[in-house]
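Trainee: Before I ask anything, here is the structure I am working with.
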There are 2 protein chains.
Amino acid sequence: MKFTIQKSYFLEGLNHVSRVIAPHSILEILKGIKLELTDNKLILKASDSLVSVEYAINQYIDDKEIITIEDEGQVVLPSRNFIEIIRKAPTDFIEIEKVSNNILVYSGNSEFNIKGYDPEEYPEFPVISKDNSFKLDTKIFNDVIRETVFCTAPNDQRPILEGVNLSLRNKILTATATDSYRLSRRVVILNEENSEKEFNLIIPRKALQYFQKMIENGQGEVEIFYENNRIVLYYQNVVYTVLLISGNYPNTDKLIPTNFECTLVSNSREFFNAVDRVSLMSREDKDDIIKLIVSENSLEISSQSKELGSAVEEMNVKSMLEDDKFEISVSGKYLKDAVNAIASEEIIIKFSGELTAFIVQPSDYHRDIIELILPVRTY
Amino acid sequence: MKFTIQKSYFLEGLNHVSRVIAPHSILEILKGIKLELTDNKLILKASDSLVSVEYAINQYIDDKEIITIEDEGQVVLPSRNFIEIIRKAPTDFIEIEKVSNNILVYSGNSEFNIKGYDPEEYPEFPVISKDNSFKLDTKIFNDVIRETVFCTAPNDQRPILEGVNLSLRNKILTATATDSYRLSRRVVILNEENSEKEFNLIIPRKALQYFQKMIENGQGEVEIFYENNRIVLYYQNVVYTVLLISGNYPNTDKLIPTNFECTLVSNSREFFNAVDRVSLMSREDKDDIIKLIVSENSLEISSQSKELGSAVEEMNVKSMLEDDKFEISVSGKYLKDAVNAIASEEIIIKFSGELTAFIVQPSDYHRDIIELILPVRTY
């Protein structure tokens, strides 16, 4: 294995794949990045055994030669140190040569001899059948992840809730996440060619977070291949293979209320800032409880802390009420997360009772997104 | 106590004084910030009991009314939450009113009732006599701190080495710090009016770091009052009172070698970058050992790690040698710290033997600064 490569492209790929590496992996070799040099490209591989990523750098990009290939080959290198060595290399082009399992790195007057792992010991990535797939606009996929992944349950809860439930049926793609105190659901209608496809998968949070980081300013489409226990995501020059969470995701349809005794419409930013201020007094308590009191076209937001004191703020809203007044207690953090996820200028909040889950949505319903939050019982 | 204050000035002061607060102070009240409102200014106070700071906000700044004073008074508030409340306040001017030990904060439609501490319980700051003082240009004082404080010993060593030794005699102000493996010394000649003054103090690292943060882009002069066991630093509207470390600082003059068998002159940036690259292979070892081999107008820098591999880099330097070759082993980190502290375009390094301390200085000696580093014995 011997080649010369342009530093910036190499570094971008290395930084990218290294994100999935678990620095304290029990499998020593998974702390490494695998380089596979073929006759026309360099493939970088990394894995934490649940999520595996392959990143291809083509020899030519826009007719420029990025890689000068002398000899093909494979090598596995300790990721952190190798990336720093490339990052600090003094020249634009870097020469790399394999000698047994080590590699030599030449850049200007600097020369490194880096101990590698035996590439034969690096696990093969699983191969998935190409029978079933669908395509999704990258920006929409990015939104779907951003809007749901924050509602997955933290690690110490039921494994099934640590992922996002992605299902497709009758062209309706539904992403759902819940930690059992709140729920977020985004629905996207796919085009006609997907009308026969059907699946119901649970994708681990961590895999989606890695993937979102890559596509957050992305373009074009993502192609998703699916099987029972894994999916493969194709985006540009990158392939993610993800082991799914097995089990049956709970049916959450029946949790969403349909009758409301109070609704309010508010500017999102003003609402967020008021909740943010008031929760300065509640955020250190476990439940972060703030109280909302809706009356005619007015909302009072307040909090109380034995230690710190109290806060109250009034704001104008558009409201519709059955009675004179509606009161509810809720986590300030959950409210803020919901408003952030919705990311629209105005929100509508629909309450069906003091002790039942309520809904937060964009006031113009321009995206099919629903945030459901359970109130806190304060007595 | 009742006043209205412009948010930006208030916040700047609060952020400033809060830096010295130890969040886990055993004295509960020292987690607070004290506000003292007089008839023409607001004074903010904070302390970790070793370092105390007072920050004054005048009622008028450049003829603009910053504070509208209704009633004088004193209050002590929990720092972290209070600062966040002010930071997130929606209006430019904020109204504050004391009710028993609590305060009410009004801004727009938002209202906070914050529990405070009893201001009577807040410790009085020590008063220092104004008999002895000297003045130093703020930029020079900033340099003096920056150039020495990094060489103080970490917390687990001799307390006396955890501070910077500042002495004045015959107008010569000397700042020295050493962790016993390396030493940094900066000398400043004061003007005639200081010829009778004399002191020899040890200032704790932490106090100097706080103070440097404030003056790092500062102007004008700092006035320093000194007594046996404390100093007070005046800078603009801020007063720092610092409890000194007691004891006799070791005499370090005799450590500095005067005969050299090898010297080299190098561009600082090139030297730093080469050491930085080579130490990628050594930095994870406790001693971070890199080897320097000086020969005629050439320097070879190298490192070896059992686990990671090796690195070597050649560079052109100007050298003067007694023999054909001079070899020495040294901590890469110490070398980089020394070059950073010197901050000049070129450095000169003067070696007096393989096992004795060597000197790093600016090649043009434009500042009286000396960095001394002990080599590492590798056999």
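Trainee: May I ask you to verify whether B:R146 is part of a strand (DSSP E or B), in contact (Cβ under 8 Å) with a residue 24 or more places away in the chain and closer than 27 Å to B:L372 by Cβ? Please lay out each step first, then the result.
Mentor: On the way: part of a strand (DSSP E or B): no; in contact (Cβ under 8 Å) with a residue 24 or more places away in the chain: yes; closer than 27 Å to B:L372 by Cβ: yes.
Answer is no for this residue.
Trainee: Picking from A:I43, A:I57, which residue would you name as being farther than 29 Å from B:S303 by Cα, buried (at least 17 other Cβ atoms within 10 Å of the Cβ), touching a residue at least 24 places away in the same chain (Cβ under 8 Å) and of a type in the set (V, I, T)? Give the derivation first.
Mentor: Working: A:I43 fails: touching a residue at least 24 places away in the same chain (Cβ under 8 Å).
Checking each option against the conditions leaves just A:I57.
Trainee: Is it true that B:A341 is closer than 25 Å to B:C151 by Cβ and out of contact with any Pro (no Cβ under 8 Å at 6 or more places or on another chain)?
Mentor: Values: closer than 25 Å to B:C151 by Cβ: yes; out of contact with any Pro (no Cβ under 8 Å at 6 or more places or on another chain): yes.
Answer is yes for this residue.
Trainee: Right, next: Got a sec? Which of A:I128, A:I160, A:I172, A:I145 is outside the structural domain of A:Q212 (by the TED database) and β-branched (V, I, T)? Step through it out loud before you land on a result.
Mentor: Details: A:I160 fails: outside the structural domain of A:Q212 (by the TED database); A:I172 fails: outside the structural domain of A:Q212 (by the TED database); A:I145 fails: outside the structural domain of A:Q212 (by the TED database).
After ruling out the rest, the residue left standing is A:I128.
Trainee: Residues of segment A:60-84 being within 14 Å of another protein chain (Cβ to nearest Cβ) and free of Cβ contacts under 8 Å to residues at least 24 places away in the same chain, which ones? Spell out the reasoning first.
Mentor: Going through segment A:60-84, the residues within 14 Å of another protein chain (Cβ to nearest Cβ) turn out to be A:75-84.
Once the filter is applied, which keeps residues that are within 14 Å of another protein chain (Cβ to nearest Cβ) and free of Cβ contacts under 8 Å to residues at least 24 places away in the same chain, segment A:60-84 yields only A:E84.
Trainee: Follow-up. Taking segment A:189-207 as the region of interest, how many residues are assigned to a strand (DSSP E or B) and either surrounded by fewer than 22 Cβ atoms within 10 Å (Cβ to Cβ) or modelled with pLDDT under 95 (or both)? Talk me through it step by step, then tell me what you get.
Mentor: Of the residues in segment A:189-207, the ones assigned to a strand (DSSP E or B) are A:189, A:199-204.
Then keep just the ones that are either surrounded by fewer than 22 Cβ atoms within 10 Å (Cβ to Cβ) or modelled with pLDDT under 95 (or both); that gives A:189, A:199-200, A:204.
So the count comes out to 4.
Trainee: Have a look at B:I140, B:I145, B:I114 and point out the one that is out of contact with any Lys or Arg (no Cβ under 6 Å at 6 or more places or on another chain), of a type in the set (V, I, T) and farther than 30 Å from B:D337 by Cβ.
Mentor: The conditions single out B:I114.
Trainee: Now for a separate question. Restricting attention to segment A:103-125, which residues are under 19 Å from A:L44 (Cα atoms) and in contact with a strand residue (DSSP E or B) (Cβ under 6 Å, 6 or more places away or on another chain)? Write out each step before concluding.
Mentor: Residues of segment A:103-125 under 19 Å from A:L44 (Cα atoms): A:103-105, A:114-125.
Within segment A:103-125, A:I103, A:L104, A:V105, A:I114, A:K115, A:G116, A:Y117, A:P119, A:Y122, A:F125 meet the criteria.
Trainee: Right, here's the next one. Please go through (1) more than 14 Å from chain A (Cβ to nearest Cβ); (2) in contact with a Ser or Thr (Cβ under 7 Å, 6 or more places away or on another chain); (3) crowded, with 17+ Cβ neighbours inside 10 Å for B:D287 and return the number of the only condition it doesn't satisfy.
Mentor: Condition (3) is where B:D287 drops out.
Trainee: So, of the residues in segment A:162-171 that are free of Cβ contacts under 8 Å to residues at least 60 places away in the same chain and in contact with a helix residue (DSSP H, G or I) (Cβ under 9 Å, 6 or more places away or on another chain), which turns out to be farthest from A:K336 (Cα to Cα)?
Mentor: A:K171
Trainee: Quickly run through segment B:1-35 and pick out the residues that are of a type in the set (K, R) and not in a loop (DSSP other than H, G, I, E, B). Even if it seems obvious, please write down each step before you answer.
Mentor: Initially, segment B:1-35 is screened for residues of a type in the set (K, R), giving B:2, B:7, B:19, B:31, B:34.
Within segment B:1-35, B:K2, B:K7, B:K31, B:K34 meet the criteria.
Trainee: Of all residues in segment A:361-379, count the ones that are without any contact (Cβ under 8 Å) to a residue 60 or more places away in the chain and within 19 Å of A:D287 (Cα to Cα).
Mentor: Of segment A:361-379, the ones without any contact (Cβ under 8 Å) to a residue 60 or more places away in the chain are A:361-362, A:364-366, A:375, A:377, A:379.
Those left that are additionally within 19 Å of A:D287 (Cα to Cα): A:375, A:377, A:379.
Residues meeting the conditions: 3.
Trainee: Let me ask something else about it. Might you check whether a residue that is within 14 Å of chain B (Cβ to nearest Cβ) and on the phi > 0 side of the Ramachandran plot occurs anywhere in segment A:262-283? Full working, then the answer.
Mentor: Initially, segment A:262-283 is screened for residues within 14 Å of chain B (Cβ to nearest Cβ), giving A:266-267, A:269-283.
Then drop every residue that is not on the phi > 0 side of the Ramachandran plot, which leaves none.
Within segment A:262-283, none of the residues are within 14 Å of chain B (Cβ to nearest Cβ) and on the phi > 0 side of the Ramachandran plot.
Trainee: Could you grab me the full set of residues in segment A:319-349 that are touching a residue at least 40 places away in the same chain (Cβ under 8 Å), over 23 Å from B:S107 (Cα atoms) and either within 14 Å of chain B (Cβ to nearest Cβ) or assigned to a strand (DSSP E or B) (or both)?
Mentor: A:S319, A:M320, A:L321, A:F326, A:I328, A:S329, A:V330, A:S331, A:E346, A:I347, A:I348, A:I349
Trainee: Still on this structure, please answer the following. Within segment A:92-137, work out how many residues are among the hydroxyl-bearing types (S, T, Y), under 35 Å from the mean Cα position of the chain (by Cα) and within 13 Å of chain B (Cβ to nearest Cβ).
Mentor: To start, the set of residues in segment A:92-137 that are among the hydroxyl-bearing types (S, T, Y) comprises A:100, A:106-107, A:110, A:117, A:122, A:129, A:133.
Remaining after also requiring under 35 Å from the mean Cα position of the chain (by Cα): A:117, A:122, A:129, A:133.
If we keep only those that are within 13 Å of chain B (Cβ to nearest Cβ) too, we end up with A:117.
Of the residues in segment A:92-137, 1 are among the hydroxyl-bearing types (S, T, Y), under 35 Å from the mean Cα position of the chain (by Cα) and within 13 Å of chain B (Cβ to nearest Cβ).
Trainee: Among (1) surrounded by fewer than 18 Cβ atoms within 10 Å (Cβ to Cβ); (2) over 18 Å from A:H16 (Cβ atoms); (3) free of Cβ contacts under 8 Å to residues at least 24 places away in the same chain, where does A:S110 come up short?
Mentor: Condition not satisfied by A:S110: (1).
Trainee: I'm told B:M315 meets every condition in (1) modelled with pLDDT under 95; (2) within 14 Å of another protein chain (Cβ to nearest Cβ) except one. Can you identify the failing condition by its number?
Mentor: Only one criterion is unmet by B:M315, namely (1).
Trainee: Considering each of B:L37, B:L77, B:L42 in turn, give the residue that is closer than 22 Å to B:F211 by Cβ and modelled with pLDDT of 95 or more.
Mentor: Numbers: B:L37 fails: closer than 22 Å to B:F211 by Cβ; B:L77 fails: closer than 22 Å to B:F211 by Cβ.
On inspection, the qualifying residue turns out to be B:L42.
Trainee: Same structure, new question: Checking the conditions here, which among B:S305, B:S298, B:S310 is modelled with pLDDT under 95 and within 14 Å of another protein chain (Cβ to nearest Cβ)? Can you show your working first?
Mentor: Details: B:S298 fails: modelled with pLDDT under 95; B:S310 fails: modelled with pLDDT under 95.
Only one candidate passes the filter, namely B:S305.
Trainee: Let me spell it out: the conditions are (1) at pLDDT 95 or above; (2) part of a loop (DSSP other than H, G, I, E, B), and A:V376 meets all of them except one. Which number is the exception?
Mentor: Failing condition for A:V376: (1).
Trainee: Now a separate question. Looking at (1) outside any strand (DSSP E or B); (2) out of contact with any helix residue (DSSP H, G or I) (no Cβ under 8 Å at 6 or more places or on another chain); (3) not hydrophobic (A, V, I, L, M, F, W, C), which is the one condition that is false for B:S180?
Mentor: Among (1) outside any strand (DSSP E or B); (2) out of contact with any helix residue (DSSP H, G or I) (no Cβ under 8 Å at 6 or more places or on another chain); (3) not hydrophobic (A, V, I, L, M, F, W, C), B:S180 violates only (2).
Trainee: Filter segment A:239-261 down to the residues that are of a type in the set (F, W, Y) and within 30 Å of A:F225 (Cα to Cα), then identify the one that is farthest from the other protein chains (Cβ to nearest Cβ).
Mentor: Per the stated criteria, the residue is A:Y249.
The values are calculated or read from the model by the stated rules, or taken from the named source; none is laboratory data. Because the structure is a prediction, the values reported are computed rather than measured. Cβ coordinates were reconstructed from backbone atoms using ideal geometry, including for glycine residues, and neighbour counts include every protein chain displayed.
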